[in-house]
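The values are calculated or read from the model by the stated rules, or taken from the named source; none is laboratory data. All of these numbers come straight from a predicted model, not from anything done at the bench. Neighbour counts run over all protein chains shown; Cβ positions are idealised from the backbone, glycine included. Accessible surface is based on the protein model in full, side chains and every heavy atom, while ligands, DNA and RNA are left aside. Shrake-Rupley method; radii C 1.70, N 1.55, O 1.52, S 1.80 Å.
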Amino acid sequence: MRFLLAGLTAGLLLLVGCWDMRELEDLAFVTAVAVDRLPSGEVRLVVQAFNPRALAGGTQGAITPSASVPSKCYRNYEARGKTVFAAVRELALKVPKRPYFTQSRVLLFTEGAARRGVAEVLDFFERSVEIRKIIPVFVVRGDVLELLDVPNPHESCPAMRLEGLVREQSRTSFFPVVTFGEFLGMLVSEGQEAYCPVVRAERNPTQKLRPREPLAPAPEPAMEIKVGGTAVFRRDRLVGFLNERESRGLLWAKGKVGGGALVLSLEGDKEVTVDVLRSQTRIRPHLTPYGPKFTVEIREEGNVAEAACPLDLSKLEVVRQLEAAQAAAIKAEVEQALRRAKELKADIFGFGAALHRHYPQEWKKLKQKWSEEVFPYLEVEVKVDAKLRRTGLRSKSLLQEVESRRR
Amino acid sequence: MVREEGRISALQACGYQISIVLATAILFVPGIVAQKARSDGWLSLLLAFIFGLIVAVISSKLALRFPSQTVIQYAPRILGPFLGKIVGFIYVYYFFYVAYYVQRQFGELMTTAYMQETPIVVFIAILTLLSCYAIYQGLEVICRVNQIVLVIFIPAFFFLLALIAKDIRLDNFLPFLENGWGPPLVGALAPGAWMGEVAVILMLTPFVSDRRRVLRTSVTAVVVLFLCMLVVVVGAIGTMGAEVVARLLFPAFSLYRRIHFATIPILERQDAVFMMIWVAGMLFKLTTFFYAGLLALSQWLGLKTYRPLIFPTGALLAALSLMSWHNISDLVAFSAEVFPLSIDFVNLFLTGLLLLVAACRGLREVNGSPYADGEEVKGSAGAV
């Protein structure tokens with residue numbers, strides 16, 4: 001008896017992974033998944049698969065082994081199918097390994113796919129255990145093949161590059177970071193329309209065309225990946241975009257601005273730039289006889305990063321004046337974003353959700369006509385409490401001292 | 001040939017009671033609760049907690065009336081031989097019924113979330129064999145290993161949840177009582193039933209060395225279980241929102257997959273850790289039910305030992321687990337609708353009935369010697 005059990009238990013050691021045993025060499029690690037829709041309604045899938053051999057150094061086995069062209073550490077594959085899963089399986093006709101999605105870094109939709117509605121293509125990704133819910137989602141403007149093939153000597157592949165750009169988001173706050181899980185949450189929740197950042201391939205202005213010499217370093221790549229702006233959805237369809245400033249306006253209202261450069265234009269053409277440190281926001285609904293009214297309370301802290309004007313920052317009243325200007329600038333960004341969202345009739349701010357949370361009975365009455373009749377005419381008061389904490393290594397501005405010397 | 005089954009400490013009994021509930025409850029409770037009660041899910045748990053306490057008190061009171069016997073042994077004494085045997089058989093069936101339900105749940109998560117291509121029977125067979133081995137070794141071994149597993153399981157569980165604590169948004173718990181108390185009450189059914197499983201103390205009491213503490217262990221077990229379920233429900237609804245959780249089959253699993261740290265990537269992707277501790281938890285959930293069922297069955301049949309029954313019963317349970325549900329939707333609907341009521345029937349209704357009748361008839365064991373008439377030879381302490 002004991003021997004039998006011991007034998008069986010030892011046998012378990014041999015069953016590593018059972019039927020699902022996978023050897024590392026047999027997997028094609030997908031780093032980016034892009035979903036496109038053809039005019040016929042068919043799904044067109046572009047996946048970026050990692051080519052580890054190119055990273056391992058040496059040219060052997062790399063995609064382009066010739067010495068003059070640097071080898072690529074990825075390959076892009078395209079597949080079509082009536083559904084996403086059909087397209088995924090179609091990949092097997094071209095990729096000699098099993099595409100393995102758990103290491104995907106980003107999930108992309110082309111603008112066309114997003115305009116047709118993302119729910120039907122997203123079902124596969126939510127159902128599948130291989131796609132993680134923590135990866136960021138993007139809408140791609142322009143050609144997705146172009147985007148996924150932007151050469152770059154520093155970053156290993158475009159997908160990783162996108163991941164890095166997301167990590168640096170709080171340097172500008174010019175686009176939201178939306179994980180797949182959050183995106184799904186917004187799609188299903190009441191009173192909150194979905195949004196996600198926008199990415200495009202742009203011409204790289206640093207590229208200079210010059211005759212190539214034998215020992216010259218590789219030229220700057222012709223194209224560059226750029227993230228910025230917000231794609232706005234109604235239900236599951238893309239309806240429009242916010243530009244970068246409007247995107248930050250949205251993020252202010254969401255309490256998600258973790259940094260960025262806030263340019264304050266004072267009277268004349270004097271400009272002070274504030275480095276935003278942190279922000280917090282509370283959305284409060286109020287019931288009035290004329291319908292719900294909202295207050296957005298934003299608390300922000302920042303440092304002076306640059307004062308390109310003759311201001312004496314050692315004076316308290318100047319700091320107060322700058323704080324007021326800062327509050328006004330934030331308010332302007334929020335209101336600009338709100339105006340755009342109202343035009344698009346998409347409640348990306350989640351005012352409906354806030355109403356639902358605080359006044360569920362009122363929300364039930366307004367739910368049906370919210371996006372068409374209520375939200376576009378919503379009264380929203382933006383209150384900003386902005387604080388200026390530090391002024392960097394000096395107080396008076398350089399310009400002020402230069403000018404005082406001239407006098 | 002009367003075999004002494006050994007002694008377990010009160011702490012080990014408490015561990016047994018925790019393990020018998022924990023592993024499946026944390027996996028399914030958030031989804032069921034979110035479906036029924038939405039953002040008031042935590043309220044459901046509070047109600048379930050009260051329910052669990054009631055069951056813990058009833059079952060401990062009953063167990064303490066007959067501290068040297070199991071419920072199978074004293075049910076005929078309370079209700080008369082015929083009815084008592086029937087009730088005894090219901091208990092036997094209940095333990096096996098939950099055991100094969102657990103086997104199936106285990107298999108479903110493994111095939112859904114981790115290894116899609118492996119047939120479910122492989123997981124069920126492996127888990128059952130391991131469980132058979134543990135039961136072959138007897139109660140003391142089960143309890144000692146269980147103690148070790150829990151010492152790893154519970155801290156790891158809380159540690160993993162601490163990792164997502166930063167993503168909890170209190171907004172997700174509003175609106176509060178949107179549709180009144182109805183939904184939280186309905187949502188309390190399933191977790192309440194799960195907590196009611198601590199009634200297994202009815203089978204354990206004779207083996208506990210310090211029987212006076214049986215009530216305390218049961219209540220402790222319910223408190224620990226309540227805290228575990230509470231953190232997982234608060235974690236799931238707080239991070240994902242009730243709407244998302246309600247649509248997930250295994251919310252706890254999805255929750256761990258969401259752990260995300262931009263700065264400390266090593267803390268990400270903890271689902272492998274979750275799988276490890278959960279499989280251990282599942283093994284003990286199965287073992288605790290399986291053992292209780294075997295013990296009950298052997299006593300019901302009047303056998304001296306349960307050991308010859310281990311493998312046949314194991315095979316039977318494995319087969320039942322495969323045949324009883326057609327697919328995952330069937331299993332999930334069963335978990336939410338049928339299962340809670342059916343086990344409440346045993347844990348609350350039958351146990352309560354036995355206690356009531358015993359109290360009315362004034363039956364209780366007199367200081368360690370239950371029956372004056374030599375019956376003790378057959379049914380003393382842990383003799384099986």
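Can you bin region A:273-403 into rounded, prolate or oblate? Criterion: square roots of the alpha carbon gyration tensor eigenvalues sorted a ≥ b ≥ c, rounded for a/c under 1.5, prolate for a/b above b/c, oblate for the rest.
Verdict is prolate for region A:273-403.
How far is helix B:351-360 tilted off the main Cα axis of chain B, in degrees rounded to 10, range 0 to 90?
40 degrees
Among the residues of region A:123-147, which ones have their accessible area go down by 20 Å² or more when all the protein chains sit together, as opposed to their chain alone (1.4 Å probe)?
In region A:123-147, residues shielded by partner chains: A:GLU126, A:VAL129, A:ARG132, A:LYS133, A:ILE134.
Magnitude of the Cβ-charge dipole of chain A, K/R +1 and D/E -1, about the Cα centre, nearest 20 debye?
In debye, rounded to 20, chain A gives about 300.
Show me the chymotrypsin sites (Phe, Trp or Tyr not before Pro) within region B:108-206 that DSSP assigns to loop and that have at most 16 other Cβ atoms within 10 Å of their Cβ.
B:PHE176, B:TRP181
Going by alpha carbons, how many degrees (0 to 90, nearest 10) lie between the helix axis of B:120-137 and the longest principal axis of chain B?
40 degrees
How far apart, in nm, are the 7 Å Cα→Cβ label points at B:ARG212 and A:GLU317?
8.1 nm
Tell me the net charge near B:SER9. Cut-off is 14 Å between Cβ atoms, B:SER9 excluded, with +1 for each Lys or Arg and -1 for each Asp or Glu.
+4
Just grab the label-to-label distance for A:LYS293 and A:LEU209, each label 7 Å out from Cα along the Cβ direction, in nm (one decimal).
In this crude label model, A:LYS293 to A:LEU209 measures out at 6.1 nm.
Label chain A by shape, choosing from rounded, prolate and oblate, from the square roots a ≥ b ≥ c of the eigenvalues of the Cα gyration tensor; if a/c is under 1.5 it is rounded, and otherwise prolate applies when a/b is larger than b/c, oblate when it is not.
It is oblate, given that a/c is not under 1.5 and a/b is not larger than b/c.
What number comes out for the charge environment of A:GLN321, summing +1 per Lys or Arg and -1 per Asp or Glu over other residues with Cβ under 12 Å away?
-1
If I take R0 = 35 Å and measure r between the Cβ atoms of B:LEU341 and A:LEU5 in this structure, what FRET efficiency does the formula 1/(1 + (r/R0)^6) give, to the nearest 0.05?
The computed FRET efficiency comes out at 0.40.
Calculate, for B:GLN116 and A:VAL188, the FRET efficiency according to 1/(1 + (r/R0)^6) with r their C-beta to C-beta distance and R0 41 Å; round to the nearest 0.05.
0.95
Toward the positive end of the charge dipole of region A:209-272, about the Cα centre and with charges on Cβ (Lys, Arg +1; Asp, Glu -1), which of A:PRO219, A:PHE241, A:GLY258 goes farthest?
About the Cα centre, the residue reaching furthest to the positive side is A:PHE241.
Take chain B, mark every one of the GluC sites (Glu not before Pro) that falls in a DSSP loop and has at most 16 other Cβ within 10 Å, then report the longest stretch left between them, sites excluded.
B:118-267
How crowded by other chains is A:185-196, given as the mean number of beta carbons from other chains within 10 Å of each beta carbon?
Mean number of neighbouring Cβ atoms from other chains: 2.
Just to confirm, what accessible area per residue do you get for region A:24-242 at 1.4 Å probe, in whole Å²?
47 Å²
Going by alpha carbons, how many degrees (0 to 90, nearest 10) lie between the helix axis of A:2-14 and the longest principal axis of chain A?
Roughly 70 degrees between the two axes.
Does region B:45-112 come out rounded, prolate or oblate by the C-alpha gyration tensor, with a ≥ b ≥ c the root eigenvalues, rounded set by a/c under 1.5 and, if not, prolate when a/b is larger than b/c and oblate if not?
oblate
Which parts of region B:80-116 would a label at B:LEU301 reach, counting a residue when its backbone N lies under 19 Å from a point 7 Å out along Cα-to-Cβ?
The answer is B:85-100, whose backbone nitrogens lie closer than 19 Å to the label point.
So what is the relative contact order for chain B, in percent, with contacts set as C-alpha pairs under 8 Å and at least six apart?
Relative contact order of chain B: 40 percent.
From the helices alone, meaning DSSP H stretches of at least four residues, give me the mean residue ellipticity at 222 nm for the protein assembly as shown, per-run term -39500 (n - 2.57), in deg cm²/dmol to the nearest 500.
The helix contribution divided over the protein assembly as shown gives -15500 deg cm²/dmol.
Please find, in a Gaussian network model of chain A (springs between Cα atoms separated by less than 10 Å), the residue of A:SER314, A:SER395, A:SER40 whose mean-square fluctuation is greatest.
With Cα springs under 10 Å in chain A, the top fluctuation among A:SER314, A:SER395, A:SER40 is at A:SER40.
So if we plug the beta-carbon distance of A:ASN303 and B:ILE90 into 1/(1 + (r/R0)^6) with R0 = 60 Å, what FRET efficiency do we get, rounded to 0.05?
It comes out at approximately 0.25.
Ranked highest first by average number of other Cβ atoms within 10 Å, how do A:348-357, A:20-29 line up?
Answer by packing, highest mean first, reads A:348-357, A:20-29.
Report the charge-dipole magnitude of the protein assembly as shown in Debye, nearest 20, computed about the Cα centre from +1 at each Lys and Arg Cβ and -1 at each Asp and Glu Cβ.
Roughly 600 debye, rounded to the nearest 20.
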